[in-house]
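The values are calculated or read from the model by the stated rules, or taken from the named source; none is laboratory data. Quantities reported herein were computed from a predicted structural model and do not represent experimental measurements. Please note: Cβ atoms are built from the backbone with ideal geometry, for glycine as well, and neighbour counts cover all protein chains shown. The accessibility values were calculated without ligands, DNA or RNA, using every heavy atom of the protein model including side chains. Shrake-Rupley method; radii C 1.70, N 1.55, O 1.52, S 1.80 Å.
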Amino acid sequence: MMDDSVLKKAAEKYGTPLYVYDKAIIDRQCDAFKKAFKGLPWEFGIRYAFKANTNPEILSIIRSHGFGGDIVSIGELEAGLNAGFKPKDLVYTSNSKSREELARALAAGVCITHGNIMECEILNEIAKERGVVANVAFRVNPDVDAKTHPKISTGLKGSKFGLHFERNLAFNAFKFAKDLENINPVGLHCHIGSQITDMSGFADAAGKLIDFAQKLDKELGVRLDFLDFGGGLGVSYDGRPVVGVEEFAGEYKKILADEGGKLSYRPNAFFEPGRYLVAESGVLLTKVNSIKETPYKKFVNVDSGFNTLVRPVMYDAYHPVRVVGKTGGDITYDIAGNLCESGDILAKERNLPKVEVNDIIEIGLAGAYGYSMSSNYNSKPKPAEVLVDGGKIKLIRKRQDLRDVI
Ligand code: LLP
């Protein structure tokens, strides 16, 4: 938790709504992730999932830990290159890429992950025109239930992501790609979902990935540089216990020793954490405009809404809420956003101390998928972002102004 005096100072100086990140927490999470994976039987690399938070300053912090990146757009590619990531440390995954996007990614020299064969054929054409060979990976659909919110479950049969093992779709993709002159299949990828708090799905998917790599080696003679196990490790938004990074890494150590031991060679292992690295580092500060009491509820009307933080509305996500500089409290409030939609409630039925106009409300664990999912809905400018580093508060993204919006 950041110091109330620092939060107040930041809100006074930079206004609200405001995203505030604590550098020490990002460093702590990166160190914990690295430390937990030490001793993995395979060489490993961490590819931070940029989509969680692409602020340039935060990308630089993450790069300083030696991590690469999982990118999903040309915007994220440029953000990564701008922050000093090397192309060889970036993997470009998305379910749908245009010819132009493929061409740019190829020119940059990043590994491109396909979830369908047609995209790989298009890439082959571009690579042929340029006389180069493209490194690619294929994403598989392992048909695994991650037991998380349906909107962030990606490994189920009906999902748009990945190539199924069924009907040999995944196998045939490698078979096809292996014979393309300008394509070099180097990786195998899966990602089963996000905010996962149960280990069984991860273990299931990892086992299937390794078995499949073995099949590729035996039947096609394809040996890969890497197996990418994706991201998804959850954090505790409400204080209830979740799978810790030690347990998470411990499970992979076991799987790579047991299942992995059956593989005739040792590829690298990649992991793509997003949320775990940045969620806890960030809070959203929002100011109280007015209080409203109806016969049924007490609403705190604040100066942000789901344009600023969409998670509560989109995933029914819980984020902790407190009033900066006040403690205790047993008055039950809903924190109401300022957008013209009745669903725009940022937190429901929270016990807080008496809230007054101009109080600053802190919405916690907003460092991941907060700013990165913000929008200009209702013609609202996007908020500013600041980084707290020791005692210093640094502006790391300017607030948009009305000219940006209109
Ligand atoms: N790798 C791939 C291919 C992904 O699609 C994702 C997230 C990750 C890694 C990182 O997952 P993480 O470690 O952050 O769970 N907006 C949602 C989360 C969407 C995640 C999409 N993919 C939310 O706010 O909960």
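Things to note:
- Selected residue (criterion: farthest from the ligand (Cβ to nearest atom)) from residues of the range 257-282 that are in contact with a strand residue (DSSP E or B) (Cβ under 7 Å, 6 or more places away or on another chain) and of a type in the set (A, V, I, L, M, F, W, C): Ala269
- Of the numbered criteria (1) open to solvent by less than 70 Å² (accessible area, probe 1.4 Å); (2) within 16 Å of the ligand (Cβ to nearest atom), the one Phe299 fails is (2).
- Taken over the range 55-92, the criterion of being among the acidic types (Asp, Glu) and either free of Cβ contacts under 8 Å to residues at least 24 places away in the same chain or in a loop (DSSP other than H, G, I, E, B) (or both) is satisfied by Glu78 alone.
- Filtered by the rule that a residue be surrounded by fewer than 24 Cβ atoms within 10 Å (Cβ to Cβ), outside any strand (DSSP E or B) and not polar (S, T, N, Q), the range 181-190 gives a lone residue, Glu181.
- Filter result for the condition that a residue is more than 16 Å from the ligand (Cβ to nearest atom), touching a strand residue (DSSP E or B) at 6+ places or on another chain (Cβ under 9 Å) and open to solvent by 70 Å² or more (accessible area, probe 1.4 Å), over Lys292, Lys254: Lys292
- Whenever a residue of the range 177-205 is within 24 Å of Val136 (Cα to Cα) and within 11 Å of the ligand (Cβ to nearest atom), its partners that are assigned to a strand (DSSP E or B) and not basic (Lys, Arg), lying with C-beta atoms within less than 6 angstrom and at least six residues away or across chains, give the pairs His189/Thr113; His189/Ala137; His189/Asp228; Cys190/Val140; Gly193/Ser153.
- Test: residue in the range 227-235 that is within 16 Å of the ligand (Cβ to nearest atom), among the aliphatic types (A, V, I, L, M) and surrounded by fewer than 23 Cβ atoms within 10 Å (Cβ to Cβ): yes
- Check on Ile71, farther than 20 Å from Asn268 by Cβ and among the aliphatic types (A, V, I, L, M): no
- Number of residues in the range 354-401 that are open to solvent by 20 Å² or more (accessible area, probe 1.4 Å), assigned to a loop (DSSP other than H, G, I, E, B) and not polar (S, T, N, Q): the value is 14.
- Output for the range 15-42, where each listed residue is open to solvent by less than 50 Å² (accessible area, probe 1.4 Å), in contact with a Leu (Cβ under 7 Å, 6 or more places away or on another chain) and part of a helix (DSSP H, G or I): Ile26, Gln29, Cys30, Phe33
- Residue within the range 95-111 that is modelled with pLDDT under 95 and not aromatic (Phe, Trp, Tyr) present: yes
- When we screen Ile335, Ile331 for residues that are within 30 Å of the chain's Cα centre (by Cα) and open to solvent by less than 50 Å² (accessible area, probe 1.4 Å), the only hit is Ile335.
- The condition (being in contact with a helix residue (DSSP H, G or I) (Cβ under 8 Å, 6 or more places away or on another chain) and within 16 Å of the ligand (Cβ to nearest atom)) is satisfied by just one residue among Ala146, Ala134: Ala146.
- Scanning the range 152-169 for residues that are part of a helix (DSSP H, G or I) and either within 16 Å of the ligand (Cβ to nearest atom) or in contact with a Cys (Cβ under 6 Å, 6 or more places away or on another chain) (or both) turns up just one, Ile152.
- Here Gly45 qualifies as more than 23 Å from Leu395 (Cβ to Cβ), open to solvent by less than 20 Å² (accessible area, probe 1.4 Å) and outside any helix (DSSP H, G or I).
- Any hit, the range 57-79, residues being at pLDDT 95 or above, over 23 Å from Arg28 (Cβ atoms) and charged (D, E, K, R): yes
- Here is the figure for the range 308-325: residues that are more than 10 Å from the ligand (Cβ to nearest atom) and in a loop (DSSP other than H, G, I, E, B) total 7.
- Selection from the range 1-14 of residues that are assigned to a helix (DSSP H, G or I) and not aromatic (Phe, Trp, Tyr): Asp4, Ser5, Val6, Leu7, Lys8, Lys9, Ala10, Ala11, Glu12, Lys13
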